[in-house]
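Peer 1: Handing you this structure, nothing more for now.
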Amino acid sequence: MKCSYCGKNNRQGALVCKRCGIALPPSPPPAEARRDADGEADPKPLRARRHASIGLIAVLAAAAAIAALIFVLASNGGVTLPGRNSYSVCSNAVFHNGETVVPEDSAILSAETSVDGRRAAIHTEDNSLFTAYRGETSLVARSVSCYALSSDGKAVAFLDLNSLLWLCDCTGRELTPICICNDYVDTAFAISPDGKTLLFNKQGDPKLYLYSRSRIKAIGDGLVPVSVSDGGSRIYAYSPSENALYYLTKKGKATFLRSNIGSDIFLNRKHNEIVFSTIAGDNIVITMVCADGGEPAEIRNAAAAVSPVIPVSGIVMRDQFAAFSISTCPFRSFDKKLFAGDGLVRYIPGKGSVVISASICTAAAATDDYGTVFCLEDGGLSRMIVRNKGASSVIADDCVSFRISANGSAVWYTDGAGALHYRKGGKDAVIAGDVSDYVVSSSGREAVFIAGDLLCSNRGGNPKQTLLYGKAASDLFSDANGFYVFNEVEGWTKLPESTGKKDISGRE
């Protein structure tokens, strides 16, 4: 299965791209027939997964590029998970406190973390679903086709191979899933942040259903789920026939928001605010924020969609849906946050948007306090001081990719020739050439990189303090607990300490 964003070829049935982490359209659940009480096969066939909603969604190329950027930052060390009891997800591995979490012997197909990073849901290739908490894994269910972890990590919802919808409380000592619907359910379902409310469609049924307080009721018609807040008080749904976004109450009152909706949607932590883009005409995209179902406020009217800039120590929860790329961001509110796209803007309620930079940025990362933002533009890598109305300075005129520390004082970047640089305090040092991949610690003090066929690390930006590791590596990852490397023989392992040091820069 080829990722439409980065072009990576993934195994059939993968839920997320191995390279960039973007959600892939899930394959239909295996046609495993239900059996009745007498053990006979249920003659009722599984209906094909709804495909009209996917085909009718307008795909914005610019929005996809920016969304891919956010996920790339999240998956390669540009965004790190803070805290001691936090999980990191990379490709087919889950890390906790410096150890690789592998339930049983089956390979990991995909994983999701809660917004605070304390709990993870793990889906394995044998269709088993596990949760991980404080370094221990617990089995949720076998024969699982797809799942969604609530953003607070307290519950996980999933479909079994017969397309029945289940909900499991992850906080109890014993995990006992309950089946909340005996009808076949589509794969595009939404779970509330506290995990107690679900939004879903039944296969072959145009109605939108809300599960809350152990009750199911229809609240809309011709709509598919986007998000639901705690208790179902605020609901966002999509109309495939209109290519439009709607706001609903749990009583079923629907308010039209906008049509011509793009495929990339961002939610705040409580799922009561949403950021989305619409196509308004030739080369015109309007990106808007909607809070509590009110009239959407314009963030930017430009030639490209914009996406929230995630702070360096923030995390992004990847929500898996069939038709959308939906992200739960670590924000209580989108107020005064930075957005990148066709330029860099800051949205302030009541005041509209303030342009920080009019230049198109292909990458952006903010410090934790949003006081400083780094932008990769055509003119190179720039540092912008937000509180000084976007005062900027170019710190690297030849930059292809970059990573920064949480406070923005240290910058690692690669240039067009493949050389890795370390910049701090106005001083720029070339660490190594021919660098194909690199990751950086959350403090920015150390980087691990692949230079040619060598696996190396450097601390403090001194080329002569470069360490060489004897083990091979084809992929890298970092989190708050250290560095990890991947090779075909050992899989993912934590990088061991090295005793050798060598100046690989070619200088004496």
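Derivation of every value follows stated rules applied to the coordinates shown; laboratory data play no part. As the structure is a computational prediction, the values presented were derived from the model and not from experiment. Note: ideal-geometry Cβ built from the backbone for every residue, glycine included; neighbour counts use all protein chains shown.
Peer 1: Could you work out the relative contact order of segment 214-254? I mean the mean sequence separation of Cα pairs under 8 Å and 6+ apart, divided by the number of residues, in percent.
Peer 2: 35
Peer 1: As a footprinting exposure proxy, order 270, 154, 336 by other Cβ within 10 Å, with the fewest listed first.
Peer 2: So the residues, fewest neighbours to most, are 336, 154, 270.
Peer 1: Grab the other residues whose beta carbon is less than 10 angstrom from that of residue 336, score K and R as +1, D and E as -1, and report the net.
Peer 2: Numbers: positive: 337, 346, 351; negative: 335.
So the surrounding residues net to +2.
Peer 1: In addition: Classify segment 85-233 from the C-alpha gyration tensor, please: rounded if a/c falls under 1.5, else prolate or oblate depending on whether a/b exceeds b/c.
Peer 2: prolate
Peer 1: Mean 1/r over all different Cα pairs, inverted: what Kirkwood radius does segment 348-466 give, in Å? Walk me through the numbers before you get to the answer.
Peer 2: On the way: mean 1/r = 0.0671 Å⁻¹.
Evaluated over segment 348-466, this radius sits at 14.9 Å.
Peer 1: Would you mind counting up the charge near residue 309? Only other residues with Cβ under 11 Å from its Cβ, with Lys and Arg at +1 and Asp and Glu at -1.
Peer 2: So the environment of residue 309 carries a net charge of +2.
Peer 1: Quick one: order 187, 255 by neighbouring beta-carbon count within 10 Å, fewest to most.
Peer 2: 255, 187
Peer 1: Here is a further query. Determine the alpha carbon to alpha carbon distance for each of 337/424; 202/251; 196/337; 196/251 and list only those over 21 Å.
Peer 2: Correct reply: 337/424; 196/337.
Peer 1: Equivalent-ellipsoid semi-axes (√(5λ), Cα gyration tensor) for segment 357-425, whole Å, largest first?
Peer 2: 19, 14, 9
Peer 1: Also, quick follow-up: How large is the direction-averaged shadow of the alpha-carbon convex hull of segment 184-326, in nm²?
Peer 2: Working: hull surface 34.8 nm².
Taking a quarter of the hull surface, the average projection is 8.7 nm².
Peer 1: Okay, moving on. Enter the Cα centre distance for the pair segment 105-153 and segment 193-231, rounded to the nearest angstrom.
Peer 2: 23
Peer 1: Quick one: give the max-minus-min coordinate of the C-alpha atoms of segment 108-168 along each principal axis, largest first, in Å.
Peer 2: Result, largest extent first: 32, 19, 16 Å.
Peer 1: Let me ask something else about it. Against the globular-protein guess of 2.2 N^0.38 Å, express the Cα radius of gyration of segment 261-404 as a ratio, rounded to two decimals.
Peer 2: 1.02
Peer 1: Quick check: the distance between the Cα centres of segment 297-314 and segment 272-292, to the nearest angstrom?
Peer 2: 10
Peer 1: Sort 471, 251, 202 so the one with the fewest other Cβ atoms within 10 Å of its own Cβ comes first.
Peer 2: So the residues, fewest neighbours to most, are 251, 471, 202.
Peer 1: Can you tell me how segment 289-350 classifies by the Cα gyration tensor, rounded, prolate or oblate, using a/c under 1.5 as the rounded cut?
Peer 2: Numbers: a/c = 1.33, a/b = 1.26, b/c = 1.06.
Rounded, since a/c falls under 1.5.
Peer 1: On to the next question. Relative contact order for segment 410-508 using alpha-carbon pairs under 8 Å, separation at least 6, rounded to a whole percent?
Peer 2: With pairs under 8 Å counted, the relative contact order is 20 percent.
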